[in-house]
Every structure is written in structure tokens, then in C-alpha cells.
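*Asks:* Submitted below is the structure of interest, expressed as C-alpha cells.
The values are calculated or read from the model by the stated rules, or taken from the named source; none is laboratory data. The model shown is predicted, which means the values in this text are computed figures rather than measured ones. Virtual Cβ from ideal backbone geometry, glycine too; neighbours counted across all protein chains shown.
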Amino acid sequence: MSPEQLGRLESVIADLLPSLPRERLADALILRVAPAELVATMTLLRDDPALDFKILIDLAGVHYPGREKPLEVVYQLLSVYKNQRIRIKVAVAEGEPVPSVIPVWSSANWYEREAYEMFGILFSGHPDLRRLLTEYDFEGYPLRKEFPVTGHFEVRWDADQDRVVREPTRLTIPDREFYGPDRT
């Protein structure tokens, strides 16, 4: 987006949503929204003709362990007609639910399920918040910074038992340093 386009978008956002904190990067505008204001803000961004953000491009979870509210949901919206993009960020504490935006964009369904599964972000009002990519009895959230790189368990086929076996992860090369002083 050109700097002129970005300036016009920021001006419209400042008029329509003056209370929201904004951050302007070289090529993007970021809005920070509280969970309680999320659905109303998203509906305005979609329905207002001056904005016209009709497409939810992406929804992603992020984990910042050092923050007071360590989890963040990031939404990427697109206005095809105006050729503009905007990013919405919602910071939440552990266990604090984020309202589902499925009533605004039905395409958010699987994105929200993935954010729940990978980061443990809860979405209130979601019709089917269950796992997509891991086993139903999987413990933890694999994309959080504190999750061990090797995982807690490994699943393998055991030919002697003729079944799938789940057991604690074992490292086959003990005390191996992958990044040492002699490696970069």
C-alpha cells in the first residue's frame, strides 16, 4: 500500500474509531482492540463503505511469554475494492476468551480452531472448538515458546505389538549440541 493510501486509511480509521490505539508501519496499519470490542469493530470494518474490509485473509496466534497478557490473536483483513489491508491485534491473558468472529466471517472457523489447538487461545461463542491437527488426548500447545522442541510424547508403530504405541520422547543422540561455538 502506498504511503498516501495508508495515510487516507489511517485518517478514516481515526474518524470512525478514535479510541482505538493505532500503529503505523511502513506498509501497514495496525489496530489494537480489546476483546470486548472485537466483534463490533470487525463488523464496522466489514460493513462501513469507507472501509469495505470484506475478506478475512488470516487469523494467527502469537505467544509472548514475558508479557502480562502473553497471548495475541492477529487478524489480517483485505478490502479488494479499495486494495487495502489492515491488521487487528487482540492481546489476551492465559484462559481469557476472545469472542469468535465467525458471525462476521464464517471463514474464521478453522483459523480459530488452529489458534486454540496450537496456542490454547479460547474463543467464546465458537460452535465447534476442537482439535484439528493433533490427537484429542494431546497435552499442551505446540507453538508456544515454552513447549519442548522434541515434544512430550512420540507415536510410532510397534511391529511386535502390532499396534500404534505412544511413549515418552527419547533423544537418540544424548547431550548433542546443535549450535555450539564452532557452528553458526
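*Asks:* List the pairs whose first member sits in segment 136-155 and is in a loop (DSSP other than H, G, I, E, B), whose second member is at pLDDT 80 or above and of a type in the set (Lys, Arg), and whose Cβ atoms are under 9 Å apart, counting only residues at least 6 apart or on separate chains?
*Replies:* Listed pairs, sorted by first residue: Tyr136/Arg130; Asp137/Arg166; Phe138/Arg131.
*Asks:* Do we find that Glu146 is surrounded by 12 or more Cβ atoms within 10 Å (Cβ to Cβ), out of contact with any Phe, Trp or Tyr (no Cβ under 6 Å at 6 or more places or on another chain) and not hydrophobic (A, V, I, L, M, F, W, C) in this structure? Walk me through it before giving the result.
*Replies:* Working: surrounded by 12 or more Cβ atoms within 10 Å (Cβ to Cβ): no; out of contact with any Phe, Trp or Tyr (no Cβ under 6 Å at 6 or more places or on another chain): yes; not hydrophobic (A, V, I, L, M, F, W, C): yes.
Here the answer is no, as Glu146 does not meet what is asked.
*Asks:* State all residues of segment 48-72 that are within 23 Å of Glu10 (Cα to Cα) and touching a Lys or Arg at 6+ places or on another chain (Cβ under 7 Å); if no residue qualifies, say none.
*Replies:* Of everything in segment 48-72, those that are within 23 Å of Glu10 (Cα to Cα) and touching a Lys or Arg at 6+ places or on another chain (Cβ under 7 Å) turn out to be Asp52, Phe53, Lys54, Glu72.
*Asks:* Right, another one. Output the number of the condition that Val164 fails; it satisfies all remaining conditions of (1) outside any loop (DSSP other than H, G, I, E, B); (2) surrounded by 10 or more Cβ atoms within 10 Å (Cβ to Cβ); (3) in contact with a strand residue (DSSP E or B) (Cβ under 8 Å, 6 or more places away or on another chain); (4) modelled with pLDDT under 95.
*Replies:* Looking at each condition in turn, Val164 falls short on (2).
*Asks:* For the structure I just gave you, tell me whether Val12 is within 28 Å of Ile121 (Cα to Cα) and of a type outside the set (Gly, Ala, Ser). Give the steps one after another, and end with the answer.
*Replies:* On the way: within 28 Å of Ile121 (Cα to Cα): no; of a type outside the set (Gly, Ala, Ser): yes.
Spelling it out, it is not the case that Val12 is within 28 Å of Ile121 (Cα to Cα) and of a type outside the set (Gly, Ala, Ser).
*Asks:* Further question: Given the conditions (1) touching a residue at least 60 places away in the same chain (Cβ under 8 Å); (2) closer than 30 Å to Leu6 by Cα; (3) crowded, with 16+ Cβ neighbours inside 10 Å, which single one is not true for Ile121?
*Replies:* (2)
*Asks:* Looking only at segment 37-47, which residues are more than 19 Å from Ser11 (Cα to Cα) and touching a residue at least 60 places away in the same chain (Cβ under 8 Å)? Working first, answer last.
*Replies:* Narrowing segment 37-47 to residues more than 19 Å from Ser11 (Cα to Cα): 37-40.
Answer for segment 37-47, where residues must be more than 19 Å from Ser11 (Cα to Cα) and touching a residue at least 60 places away in the same chain (Cβ under 8 Å): Leu38, Val39.
*Asks:* Where residues in segment 114-124 are of a type in the set (Gly, Ala, Ser) and at pLDDT 95 or above, which of them is nearest to Ala36 (Cα to Cα)?
*Replies:* First, the residues of segment 114-124 that are of a type in the set (Gly, Ala, Ser): 115, 120, 124.
The next check asks that each one be at pLDDT 95 or above; those that pass are 115, 124.
Numbers: Ala115: 19, Ser124: 11 Å.
Only one residue fits best here, namely Ser124.
*Asks:* Scan segment 58-83 residue by residue and report those that are buried (at least 20 other Cβ atoms within 10 Å of the Cβ) and either more than 11 Å from the chain's Cα centre (by Cα) or within 20 Å of Asp48 (Cβ to Cβ) (or both).
*Replies:* Tyr75, Leu77
*Asks:* Do the conditions hold for Glu117, that is, is it closer than 30 Å to Gly140 by Cα, assigned to a helix (DSSP H, G or I) and out of contact with any strand residue (DSSP E or B) (no Cβ under 8 Å at 6 or more places or on another chain)?
*Replies:* On the way: closer than 30 Å to Gly140 by Cα: yes; assigned to a helix (DSSP H, G or I): yes; out of contact with any strand residue (DSSP E or B) (no Cβ under 8 Å at 6 or more places or on another chain): yes.
Taking the combined requirement at face value, the residue satisfies it.
*Asks:* Any residue at all in segment 95-114 that's of a type in the set (D, E, K, R), out of contact with any Leu (no Cβ under 9 Å at 6 or more places or on another chain) and surrounded by 11 or more Cβ atoms within 10 Å (Cβ to Cβ)? Break it down stepwise before answering.
*Replies:* To start, the set of residues in segment 95-114 that are of a type in the set (D, E, K, R) comprises 96, 112-114.
Remaining after also requiring out of contact with any Leu (no Cβ under 9 Å at 6 or more places or on another chain): none.
No: zero hits.
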